[in-house]
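To keep things clear, I will list the structure first and then write my remarks on it.
The values are calculated or read from the model by the stated rules, or taken from the named source; none is laboratory data. Just so you know, these numbers come straight off a predicted model, no measurement behind them. All Cβ positions, even for glycine, are placed from backbone atoms using ideal geometry, and neighbour counts span all protein chains on display. Note: areas computed on protein heavy atoms with side chains; ligands, DNA, RNA excluded. Shrake-Rupley method; radii C 1.70, N 1.55, O 1.52, S 1.80 Å.
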Amino acid sequence: MPSPIEPRRTSMPFRERVDALRNLRPFLRQIWATSRSLTLASLLLRLTQALTPVALLYIGKLIIDEAIHLVAVGGGHADLRSLWASGALDHLALLVVSEFALAVVSDLMARAASYVDGLLSELFTNATSIRLMEHAATLDLEDFEDPDLQDRLDRARRQTMGRMNLLSQLFGQAQDAITVISFAIGLLAYAPWLMVLLAIALIPAFVGESHFNALGYSLNFQWTPERRQLEYLRQTGASVDTAKEIKIFGLHRFLIDRFRVLADKFYGANRALARRRAIWGTVLAALGTLGYYVAYAYIVWRTVKGDFTIGDLTFLAGSFRRLRQLLEGLLIGFSQVAGQALYLDDLFSFFEIEPEITSKPDALPVPRPIERGFVFDNVGFRYPDAERWALRGLEFELRAGEVLALVGENGAGKTTLVKLLARLYDPDEGRILLDGRDLRDYDLDDLRSNVGVIFQDFVRYHLTARENIGVGRLEAMGDEQRIREAARRGLADEVIEALPQQYDQMIGRRFNTGVDLSGGQWQKIAIARAYMRDAQVMILDEPTAALDARAEYEVFQRFKELSEGRTAVLISHRFSSVRMADRILVLGGGKVEASGTHDELMAQRGRYAELFELQAAGYR
């Protein structure tokens with residue numbers, strides 16, 4: 001964990017805020033692509049809604065004028081029944097019924113638009129989440145090991161959910177703009193300068209809102225690492241995976257204190273910004289209110305002079321009040337949209353990240369079968385931002401059909417070598433050949449489909465036992481016989497058959513019906529997943545660390561038997577298990593220190609013999 005966080009600069013140039021609006025075009029294109037029918041329905045409903053406020057207000061003016069007219073002609077002294085019978089109330093009744101019908105239609109349209117927007121937002125969120133996962137799957141392993149990209153991915157993931165209301169806000173802005181135009185036309189006929197006054201009065205509030213929206217985005221952007229830390233602490237402090245150690249070591253207070261320190265700092269920064277926003281927002285909004293009351297006083301004065309009727313007064317006052325609200329909402333809404341467009345930048349900039357490890361346009365299929373094998377030709381590799389080379393000058397051959405064991409101390413480069421073999425990374429120096437061709441000449445997906453790897457940090461999928469094995473070869477997920485055969489090969493069949501629902505049993509504790517497994521049982525499931533792949537090259541990278549010595553011996557013995565005719569690589573710290581390999585490579589300092597069979601390496605009395613004797617002494 002880093003030391004306490006220093007105060008952040010949370011300003012953003014105006015140019016960046018304007019530039020962020022470019023994100024609205026791809027955002028709208030994505031909405032249109034999500035569902036054209038729902039997008040059109042929402043726009044049509046809002047267009048209808050946009051015209052109803054001015055129509056309602058104008059009908060209200062007509063009702064008032066008609067009522068005053070009836071009073072003026074003596075209708076106020078007549079009996080309601082006689083007035084109705086004479087037809088004097090027909091026009092007034094028609095206006096009232098029209099206003100009622102329009103109000104009902106307006107409410108219906110508003111609810112329908114909300115319903116359509118809700119459906120469209122849900123579809124958009126799902127589509128964007130899928131796109132995020134699809135794009136993440138194309139990125140290099142190097143990208144996921146970069147903390148900066150982790151921050152970008154975290155921000156992008158938040159935007160798949162966080163921008164749902166932007167859709168409704170954008171459509172609402174379009175609706176309000178049409179309503180403003182309709183009201184403005186009415187006001188311009190009476191007093192054009194009122195519109196100018198109103199616009200000038202609202203500009204300060206708009207500028208202030210834009211400024212504080214930009215500050216809010218900058219704050220969230222700058223604090224992304226700390227938000228990820230908070231999420232990590234929240235998960236670690238209340239997780240079945242960490243519960244045992246937290247109880248044994250009494251870590252709950254330490255984690256809570258660390259969380260509280262970070263949360264309080266983030267809260268303090270947000271509180272300071274919210275306080276400034278509230279104070280300045282009140283001051284700037286007061287200017288808009290002052291402009292409204294100046295215009296209102298002018299309308300009242302013209303009515304007293306006799307220039308306007310009471311109906312005109314009602315219409316103009318209502319129009320001006322509504323127009324002021326709409327304009328204020330439009331300006332503030334525009335600044336909010338611009339602010340949210342900044343967040344969209346987090347999403348779309350993530351989609352712009354391009355992987356470096358890809359297939360060439362004329363990529364070759366992997367040979368079937370592999371005839372000669374792999375050659376590491378002066379291979380060097382260094383992890384991003386690392387000073388030390390993980391591998392340097394690596395030279396060796398992995399022959400087709402050979403079972404090769406890799407041994408060496410931690411950090412010797414064993415797992416790195418496997419990652420290069422599966423093209424999770426490309427060498428920084430040298431090259432890797434497969435049947436005489438550079439590994440980069442082959443189709444990437446085809447290469448990986450021909451390499452089955454189980455890493456020491458294999459994934460525990462919270463799925464059924466059948467699915468946990470089936471993910472090793474997705475296209476064969478429905479092949480029950482193949483799944484059961486893979487389980488038998490990986491010694492997982494006895495584990496699964498002991499479960500209450502056997503192959504249909506959900507494993508893992510994440511869900512209510514799940515049954516957890518021991519570490520060794522999980523590893524057998526993972527090994528079965530590798531056999532499910534039925535790849536030409538099989539790699540076991542320390543997958544048996546949780547197994548006892550006998551179980552590991554059985555796994556490796558079975559692995560050797562089932563690897564007949566395949567190219568296989570196994571990595572283990574237990575030298576008693578790797579001695580069954582056809583050949584053993586001893587890695588040290590990123591290079592091959594020795595190569596040979598167990599007996600040959602023991603006879604050399606080098607590092608292998610030294611490590612073997614040290615380990616064997618522990619069992620005596």
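Looking at (1) outside any loop (DSSP other than H, G, I, E, B); (2) in contact with an Asp or Glu (Cβ under 9 Å, 6 or more places away or on another chain); (3) more than 21 Å from A568 (Cβ to Cβ); (4) open to solvent by 10 Å² or more (accessible area, probe 1.4 Å), which is the one condition that is false for G380?
That leaves (4) as the condition not met.
For the range 400-429, which positions are under 17 Å from V592 (Cβ atoms), modelled with pLDDT of 85 or more and surrounded by fewer than 17 Cβ atoms within 10 Å (Cβ to Cβ)?
E429
Just give me the residues in the range 102-122 being among the small types (G, A, S) and within 11 Å of S168 (Cβ to Cβ), in sequence order.
A113, S114, G118, S121
What are the residues in the range 42-59 that are of a type outside the set (S, T, N, Q) and free of Cβ contacts under 8 Å to residues at least 60 places away in the same chain, if any?
Of all residues in the range 42-59, those of a type outside the set (S, T, N, Q) come to 43-47, 50-51, 53-59.
Those that are of a type outside the set (S, T, N, Q) and free of Cβ contacts under 8 Å to residues at least 60 places away in the same chain: L44, A55, L56, I59.
For the structure I just gave you, tell me whether I310 is at pLDDT 70 or above, closer than 26 Å to A50 by Cα and not hydroxyl-bearing (S, T, Y). Before you say what the answer is, go through the steps one by one.
Values: at pLDDT 70 or above: yes; closer than 26 Å to A50 by Cα: yes; not hydroxyl-bearing (S, T, Y): yes.
Answer is yes for this residue.
Collect the residues in the range 83-97 that are at pLDDT below 85, in a helix (DSSP H, G or I) and either touching a strand residue (DSSP E or B) at 6+ places or on another chain (Cβ under 6 Å) or more than 12 Å from E66 (Cβ to Cβ) (or both), keeping them in residue-number order. Let's see the steps before the verdict.
Looking only at the range 83-97, we keep the residues that are at pLDDT below 85, and these are 83-93, 95-96.
Now narrow it down to the ones that are in a helix (DSSP H, G or I): 83-86, 90-93, 95-96.
Once the filter is applied, which keeps residues that are at pLDDT below 85, in a helix (DSSP H, G or I) and either touching a strand residue (DSSP E or B) at 6+ places or on another chain (Cβ under 6 Å) or more than 12 Å from E66 (Cβ to Cβ) (or both), the range 83-97 yields L83, W84, A85, S86.
For V459, indicate whether it is surrounded by fewer than 18 Cβ atoms within 10 Å (Cβ to Cβ) and closer than 30 Å to V379 by Cβ. Don't jump to the end; show me each part of the working.
Working: surrounded by fewer than 18 Cβ atoms within 10 Å (Cβ to Cβ): yes; closer than 30 Å to V379 by Cβ: yes.
In short, yes.
Being among the hydrophobic types (A, V, I, L, M, F, W, C), in a helix (DSSP H, G or I) and touching a residue at least 60 places away in the same chain (Cβ under 8 Å) is true for just one of A487, A530. Which residue is that?
Working: A487 fails: touching a residue at least 60 places away in the same chain (Cβ under 8 Å).
Testing whether each residue is among the hydrophobic types (A, V, I, L, M, F, W, C), in a helix (DSSP H, G or I) and touching a residue at least 60 places away in the same chain (Cβ under 8 Å) leaves just A530.
If you go through the range 492-516 one residue at a time, how many are of a type outside the set (D, E, K, R), open to solvent by 80 Å² or more (accessible area, probe 1.4 Å) and at pLDDT below 85?
3
How many of the residues in the range 127-164 are modelled with pLDDT of 75 or more, buried (at least 18 other Cβ atoms within 10 Å of the Cβ) and either part of a helix (DSSP H, G or I) or touching a strand residue (DSSP E or B) at 6+ places or on another chain (Cβ under 8 Å) (or both)? Let's see the steps before the verdict.
Of all residues in the range 127-164, those modelled with pLDDT of 75 or more come to 127-141.
Remaining after also requiring buried (at least 18 other Cβ atoms within 10 Å of the Cβ): 128, 132, 139-140.
From what is left, the residues that are either part of a helix (DSSP H, G or I) or touching a strand residue (DSSP E or B) at 6+ places or on another chain (Cβ under 8 Å) (or both) are 128, 132.
Residues in the range 127-164 being modelled with pLDDT of 75 or more, buried (at least 18 other Cβ atoms within 10 Å of the Cβ) and either part of a helix (DSSP H, G or I) or touching a strand residue (DSSP E or B) at 6+ places or on another chain (Cβ under 8 Å) (or both): 2 in total.
Looking at L70, L57 in this structure, which one is at pLDDT below 80 and within 16 Å of A101 (Cβ to Cβ)? Quick ask: steps written out before the conclusion?
Working: L70 fails: within 16 Å of A101 (Cβ to Cβ).
Of the residues listed, the single one that is at pLDDT below 80 and within 16 Å of A101 (Cβ to Cβ) is L57.
Taking the stated definitions as given, is E542 at pLDDT 70 or above, in contact with a strand residue (DSSP E or B) (Cβ under 7 Å, 6 or more places away or on another chain) and surrounded by 16 or more Cβ atoms within 10 Å (Cβ to Cβ)?
In short, yes.
Which of (1) at pLDDT below 80; (2) of a type in the set (D, E); (3) assigned to a helix (DSSP H, G or I) does E564 not meet, given it meets every other one?
Single failed check for E564: (3).
Just one of (1) surrounded by fewer than 18 Cβ atoms within 10 Å (Cβ to Cβ); (2) modelled with pLDDT under 85; (3) not aliphatic (A, V, I, L, M) trips up D441, so point out which.
Only one criterion in (1) surrounded by fewer than 18 Cβ atoms within 10 Å (Cβ to Cβ); (2) modelled with pLDDT under 85; (3) not aliphatic (A, V, I, L, M) is unmet by D441, namely (2).
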